[in-house]
Amino acid sequence: MSYKYWDDFVAAWSRGAKNYYGWTDPDGTPLYNNSATKDLSSLFIPEPWWGNDGSRPLHSVVINYNPGMGNSYQKAGCVGKVSSYAKDIVYSSKFEKTQQWHSKNRALPILKSLNRISSIKTPFCLENHLSIELIPWHTLKADKSYWDYVKANPKAIYDNVISFAANEASRIENSKLKNVALLRMSGTNTLKLLSILGQDPKQAVTRCGNTGSSKTEFVEFRLPKLSGTRFISFWGRSIRNGMPSASEIDNLLRLI
């Protein structure tokens, strides 16, 4: 549950290592870098997180599903050897498109909202936000092979994603989102995830509701060993992979 873990993880992938610290493919085989396969997890570099590298002020943490389909610049042959995930990938000019996506679709909508409701001041940027992928592997669609990966790796997800998010949320410097990890995930999928992680949704979920207009809904849950962290999933029919409107985010954060 640390940045060093993910540094070692991606560095191992770049070397073609066949040991992935407990992560496995849905068919039970270890995940590793093999550009000859058609498996997207091997063709494209894993992307466990984007944004804050642990050394800068942090204002928000969001857990996403996964990186989805990769682009040509993310292929094994283009990436080369990785020694530092932050330096070689997250802050590399080669990955500017992915940086811009996370800035536009994850960081700035939340950071601007925190500013509007007077929880933080300017300036702020992508580096004040942390996007964490529930699974770091590229998949074609979240509603197909994605859930196979989740079901095959519940311990790895809990130890290295959920716990990682909780730990980083404790570093958040504004009172509104301190110890809060947001999830861009529907209520149905949140309950599905809790069940896969071995949690009883009826016991884990503490409240649910909407922002008042019913355009954005949310569900809050806690986990026994991470009781100091509030996990809040939010979703809406018109959001898809983006974020709610500015006013909806403002209303959501006011309710947190």
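The values are calculated or read from the model by the stated rules, or taken from the named source; none is laboratory data. Quantities reported herein were computed from a predicted structural model and do not represent experimental measurements. To get the accessible areas, we keep the full protein, side chains included, count just its heavy atoms, and leave off ligands, DNA and RNA. Shrake-Rupley method; radii C 1.70, N 1.55, O 1.52, S 1.80 Å.
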TODO: For the chain, state the semi-axes of the equivalent ellipsoid (square roots of 5 times the eigenvalues of the alpha-carbon gyration tensor), sorted largest first and rounded to whole angstrom.
DONE: 29, 21, 16
Open item on the list: Can you compute log10 of I(q)/I(0) for segment 56-103 with the Debye formula, treating each Cα as one identical point scatterer, at q = 0.24 Å⁻¹?
Closed with: -1.12
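Let me check something: with ligands and nucleic acids excluded, how do F234, F124 order by accessible area (1.4 Å probe), largest to smallest? All intermediate terms of the calculation are to be shown ahead of the outcome.
Numbers: F234 5, F124 40 Å².
Sorted descending by solvent-accessible area, the residues read F124, F234.
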- [ ] Over segment 78-206, give the accessible area per residue in Å² for a 1.4 Å probe, as an integer.
- [x] 44 Å²
- [ ] Using only the alpha carbons, work out the radius of gyration and Dmax of segment 86-186 in angstrom.
- [x] 15.1, 42
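Relative contact order for segment 52-196: what percent, with Cα pairs under 8 Å and sequence separation of 6 or more?
Details: 177 pairs, mean separation 58.7, N = 145.
Worked out over segment 52-196, it gives 41 percent.
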Open item on the list: Ignoring ligands, DNA and RNA, please state the percent of accessible area on segment 135-256 from carbon and sulfur, probe 1.4 Å.
Closed with: 48 percent
Open item on the list: Suppose only helical runs count, i.e. DSSP H with n ≥ 4. What mean residue ellipticity at 222 nm does that imply for the chain under -39500 (n - 2.57) per run, divided by all residues and rounded to the nearest 500 deg cm²/dmol?
Closed with: -8000 deg cm²/dmol
Open item on the list: Given contacts defined as C-alpha pairs under 8 Å and at least six residues apart, what's the relative contact order of the chain, whole-number percent?
Closed with: 22 percent
TODO: Round to the nearest 10 and report in Å² the accessible area of M69, as given by a 1.4 Å probe over the protein chains' heavy atoms.
DONE: 100 Å²
Task: segment 132-256 - percent relative contact order, Cα under 8 Å, separation 6 or more - done: 22 percent
Task: Too-long pairs where the Cα-Cα distance tops 32 Å, listed order kept, from K87/K176; K94/K225; K94/K215; K121/K192 - done: K94/K225; K94/K215; K121/K192
